[in-house]
Each structure stands twice: as structure tokens, then as C-alpha cells.
Ligand SMILES: Nc1ncnc2c1ncn2[C@@H]1O[C@H](COP(=O)(O)OP(=O)(O)OP(=O)(O)O)[C@@H](O)[C@H]1O
Ligand SMILES: [Mg+2]
């Protein structure tokens, strides 16, 4: 009997400690949100064709940004499978879907990923949020806006293609990383995305990564093809963010569920990510006037309400 009471006391004490820790972490996030009046750079990562490396590159760029001293949140904006969490080997407790449908704290949906990055499972929750009545949406938006001050970079991994849900994410972002490989279909599909961006989000800064290439010459050729067409037909300037060679470390890392920047830091893929991230950091043009998560979610809301 005495033992049972002791066990109960211990469990109670533990519960109090855990709840104290949770309140503490909530207040850390809230304080960070209030104190630092700096907005996050939100970058959507997309592609025309699927399976070209969006999720792998998003996760590893996030890790490299974090190692460079930035606070990074990855949002899984793919409405299909939860690939980001599988690649990072983490299982977040709650997604944005539960956040919208119950009374959770923002910190409840922020999971810890490798190398200090944070992760939010957005997915269908973002679409669900876009369908809320305005008053409820505004409340969610107010809470989610804390992320603008909490992170330096927010990377959104999107699905591929030109479906409404993907384009609404891409058109809501002020910075886009467009990934393609050397296949002609991947290049023409990347161009199709670029065309939509140039028509509906003309100020958007678009950077291109050639992934799974055989050498730097092939990467240059891919960029030149897209750039020439973009200049001639869309009057759109795009930026060459670099390339990643085809490297077995990428799929090995996926199997291990440990991103290659962590599991194979000396691989050519990891070195490629380092170069790419240096260029992202060096380009500070948007640091002064970033859109942040608030504008991003508002734009998605508007685009979904107008398509209903
Ligand atoms: N540089 C690379 N070298 C070798 N394999 C790669 C490279 N980049 C990606 N891959 C492989 O390509 C496959 C698809 O990668 P990933 O899931 O990141 O693409 P995705 O664009 O997110 O796909 P989806 O459109 O389905 O979301 C994976 O099996 C991965 O191992
Ligand atoms: Mg993916």
C-alpha cells in the first residue's frame, strides 16, 4: 500500500515536472516571438515533375542552415505521404490538422528534428485551415504568425506539379527553389511551374537546383535551357543555385532515416548542399522585407477561398 502511494506520488511529481517543462517551452517560444522583431525567410521548395529530390534537399538544406547558425523550421506541405518525417526518422505527436481541430499550443506541433532543426507536419492541415471560416482562420493565423519571429528560415516542402494545392503554396511564397533533373520532361515541367509563377507571382524570386546530374556541364546546360526560355518567353530572371550530383549517399541516407548531411557529411551530396546553402545565406536581398509565414498563410487562404 505504502509502495502504491509512493509510486503515485512519483508519477504525480513527474507529471508536474513535464507540464512545467511544457509551459516553459511554450513561454520560450512566446518570448522569442515577442522579443525579436525579425521576420523569417520563407522558401517553398517545389518541382514540376515528382521524385526529383525536393524532400531530400529540403531536409538537408535545413540541416546545413541550422549548422550555419540559423533557426530553421521545415514545414511538410506535401498533401500526400509524410515523407519529411520518414526521412528524418521522427514521429511528431501532432500535425497542423489536430492543431486546427483542437486546443493545442503552437509548441505541440513543433517537433525536434536532427541538428537542431524544427519540424511541422502541415500537409492536409494547411488545406483544412484554408477552408475555415474567416474568424477561426484569423485566430489560427495569429498563433501561427509567432513562427515569423521564432525562425530565421522556414522551408516548405511541397508536392510536385501544377495542381491547385501545390500552386497555391508556390504562389504564396516570395522565394521558391525549383528543382529539376536532366530528364527533358522534368525540365519542361519545371518551366511550366515557372510560367505560372511569372504570371501570378511576378515578384517571386526563383532559384533553380539541378539535381542528380552527371557533372557540372550537365547542370549548366539544364540551367541555360530554363533560363533562356524564361528570359525570352516570360521575361523572368531566375537564379542558378547550383547542382547536386547523383550520389548513392542520398538513397542510403533515406534507408537509414538519417539525412545525408548528418549520416554522410563528407559525401559529394553533402558538399553540394554546403555550397547551395552558402549561396542562399549570401543572398540577403529578402532579409530586409520578407513575407514570412503570416503573408504565406493569408495568401493560401485567399487562393483557396476564391477557388471554392
Ligand atoms: N542527388 C541524388 N543522388 C541520388 N539519388 C537521389 C538524389 N536526389 C534524390 N535522389 C533519390 O530520388 C528519390 C526521390 O527523392 P525525394 O523523395 O527527395 O524526391 P521528391 O521530389 O521529394 O519526390 P516527391 O515528388 O514524390 O515528393 C529518392 O529515392 C532519392 O534517394
Ligand atoms: Mg517529396
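Values quoted throughout were computed directly from the atomic coordinates according to the rules given, and no laboratory measurement underlies them. Note that the coordinates shown come from a computational prediction; the quantities given were computed from them, not determined experimentally. We place every Cβ from the backbone using ideal geometry, glycine too, and count neighbours over all the protein chains shown.
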Inset, instruction - Filter segment 102-121 down to residues that are closer than 13 Å to residue 71 by Cβ, touching a helix residue (DSSP H, G or I) at 6+ places or on another chain (Cβ under 9 Å) and assigned to a strand (DSSP E or B), then give me how many there are. - result: 2
Legend entry - Which numbered condition residue 220 misses (of (1) buried (at least 17 other Cβ atoms within 10 Å of the Cβ); (2) farther than 30 Å from residue 89 by Cα): (1)
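Of the residues 154, 177, 193, which single one is more than 17 Å from residue 300 (Cβ to Cβ) and buried (at least 20 other Cβ atoms within 10 Å of the Cβ)?
Numbers: 154 fails: more than 17 Å from residue 300 (Cβ to Cβ); 193 fails: more than 17 Å from residue 300 (Cβ to Cβ).
Checking each option against the conditions leaves just 177.
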Inset, instruction - Among what's in segment 49-65 and is near ligand 1 (Cβ under 9 Å from one of its atoms) and part of a helix (DSSP H, G or I), pick the residue that is surrounded by the most Cβ atoms within 10 Å (Cβ to Cβ). - result: 59
Legend entry - strands (runs of 3 or more DSSP E) completely within segment 135-237 that count 3 or more residues being farther than 12 Å from residue 48 by Cα and over 16 Å from the mean Cα position of the chain (by Cα): 205-213
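Taking the stated definitions as given, is residue 249 surrounded by fewer than 21 Cβ atoms within 10 Å (Cβ to Cβ) and in contact (Cβ under 8 Å) with a residue 12 or more places away in the chain? Working first, answer last.
Working: surrounded by fewer than 21 Cβ atoms within 10 Å (Cβ to Cβ): yes; in contact (Cβ under 8 Å) with a residue 12 or more places away in the chain: yes.
Judged against the criteria, residue 249 is a match.
Could you list, in sequence order, all residues of segment 66-87 that are within 12 Å of ligand 1 (Cβ to nearest atom) and either surrounded by 20 or more Cβ atoms within 10 Å (Cβ to Cβ) or assigned to a helix (DSSP H, G or I) (or both)? Show your work before the answer.
Step one: of segment 66-87, the residues within 12 Å of ligand 1 (Cβ to nearest atom) are 76-84, 86-87.
Listed by number, the residues that qualify are 76, 77, 78, 83, 84, 86, 87.
I'd like to verify a number: residues in segment 64-94 that are closer than 19 Å to residue 44 by Cα and more than 16 Å from ligand 2 (Cβ to nearest atom), how many?
Filtering segment 64-94 for residues closer than 19 Å to residue 44 by Cα gives 64-66, 70-85, 87-88.
Going one step further and asking which of them are more than 16 Å from ligand 2 (Cβ to nearest atom), we end up with 64-66, 70-73.
Residues that pass the stated criteria total 7.
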